[in-house]
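**Q** Just dropping this structure here.
The values are calculated or read from the model by the stated rules, or taken from the named source; none is laboratory data. Since the structure is predicted, the reported quantities are computational estimates derived from the model, not experimental observations. Note: ideal-geometry Cβ built from the backbone for every residue, glycine included; neighbour counts use all protein chains shown.
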Amino acid sequence: MVEQIKKYLSVPEPQRDYDKGWILLSKVCKNRNLLHRLQRKPWPEKLYYELGKLAGRIDQAVLAKNAAKAAKTTKPEKETAPVKVSSGRIRVIKGENRVHYNDLPKELQQAWDENTLMYKEARSLHEKLKLLAKGTDEQRQPVLTRLQQLNQAIRSNWDKVDNYDPDKKPEVKKEPVVDHKRINSNRAYISRNLKKLENNPQKKDLRNRLQERITELVRAGSGFSDEQKARLKKLKLDLG
C-alpha cells in the first residue's frame, strides 16, 4: 500500500485523480469523520498531507508546510450526514448557513435520503475492504469501483442540496403558440416518430415528446385519422 501511495504522490498535483487518492486513503485511514469530510467536498491539500504522512515520503519541513497550508484552507465542515433534531434534519453548509430537510422540495429530500442510504453502504464497503486487506487487487477492485460510484453520487446529491435557493422563483414554462404552422409541425413530427415508438415502446423520452405534440393538437381541436388513432391508442398515448 505504501508503494501505491508513493506512486500516486509522484504524479504532479494538477494531474492527480482526487477520487483515486481518497480511495487509497480510505484503505488505511480509521478516521471515518475525516474520510466523510474529504469525500463530501474535495480538499486536496488535506488529502495529500494525510497520504504523505502514511507513505513516510515527506520530510518534516515539507510536512509542516503542507500542514500549515491545509490549516489555512476552509476548515472542515461539521458532519454532513443528516442529523436528527426537534425541528427536522439539518445540514450545515458553510459557517452558520443551514439547510433544513423539511424546507426542501420533494426531489431534494429524496436526494438527501439517497445519501443517507449510500453513506450506510459506503461504511459497509469500507469494512469489507478491511477484510480484503490481504486479498488481491482483482478481489478489491469491484469494491473500490462501487465506492467511487457512491462518492460521485453522494457529491452530486449534496451539490444539489447546497445550491438550493428557497427565494428563487420557479421558471414558468411558456406554452407554445399553437397556430397553423405549429399544427403542421406537430403532425409531421408524429408521422416521423410514431413508427420509432412502435418499434421500441420503452423509449420514455420519445413517448413524452409525442404525447406533448398530441396534447397540443387535441387542445387545438385538430383530430387524427382512424388509422392513426388506432396506432396511438395501441401505444396507450392519451388522445384526450
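**Q** On the basis of being of a type in the set (D, E, K, R), surrounded by 15 or more Cβ atoms within 10 Å (Cβ to Cβ) and within 23 Å of PRO42 (Cβ to Cβ), does ARG146 make the cut?
**A** no
**Q** State the number of residues belonging to the stretch 137-152 that are at pLDDT 90 or above, among the basic types (Lys, Arg) and over 19 Å from the mean Cα position of the chain (by Cα).
**A** Count: 0.
**Q** Is it fair to say GLN202 is out of contact with any strand residue (DSSP E or B) (no Cβ under 6 Å at 6 or more places or on another chain) and at pLDDT 90 or above?
**A** Values: out of contact with any strand residue (DSSP E or B) (no Cβ under 6 Å at 6 or more places or on another chain): yes; at pLDDT 90 or above: no.
Considered against the rule, which asks whether it is out of contact with any strand residue (DSSP E or B) (no Cβ under 6 Å at 6 or more places or on another chain) and at pLDDT 90 or above, GLN202 comes out as no.
**Q** Here's another thing I want to ask about it. Just to check your reading of the model, which residue among ARG192, ARG155, ARG207 is touching a residue at least 60 places away in the same chain (Cβ under 8 Å), under 36 Å from the mean Cα position of the chain (by Cα) and assigned to a helix (DSSP H, G or I)? Don't jump to the end; show me each part of the working.
**A** Details: ARG192 fails: touching a residue at least 60 places away in the same chain (Cβ under 8 Å); ARG207 fails: touching a residue at least 60 places away in the same chain (Cβ under 8 Å).
Every option except ARG155 fails the conditions.
**Q** What is the number of the single condition among (1) more than 18 Å from the chain's Cα centre (by Cα); (2) among the hydroxyl-bearing types (Ser, Thr, Tyr); (3) under 19 Å from LEU147 (Cβ atoms) that TYR18 does not meet?
**A** (1)
**Q** For the stretch 35-136, please list each of the helices (runs of 4 or more DSSP H) lying entirely inside it that holds at least 3 residues being modelled with pLDDT of 50 or more. So that I can check it myself, show each step before the final result.
**A** Numbers: elements: 44-55, 60-72, 106-131.
Because the criterion is at least 3 residues that are modelled with pLDDT of 50 or more, the helices (runs of 4 or more DSSP H) in the stretch 35-136 that meet it are 44-55, 106-131.
**Q** Just the residues that are farther than 18 Å from TRP22 by Cβ and hydrophobic (A, V, I, L, M, F, W, C), please, taken from the stretch 110-158.
**A** ALA111, TRP112, LEU117, LEU131
**Q** Here's a follow-up. Sort out which residues of the stretch 1-59 are touching a Lys or Arg at 6+ places or on another chain (Cβ under 6 Å), among the charged types (D, E, K, R) and touching a residue at least 40 places away in the same chain (Cβ under 8 Å), and write them in order of number.
**A** LYS6, ARG57
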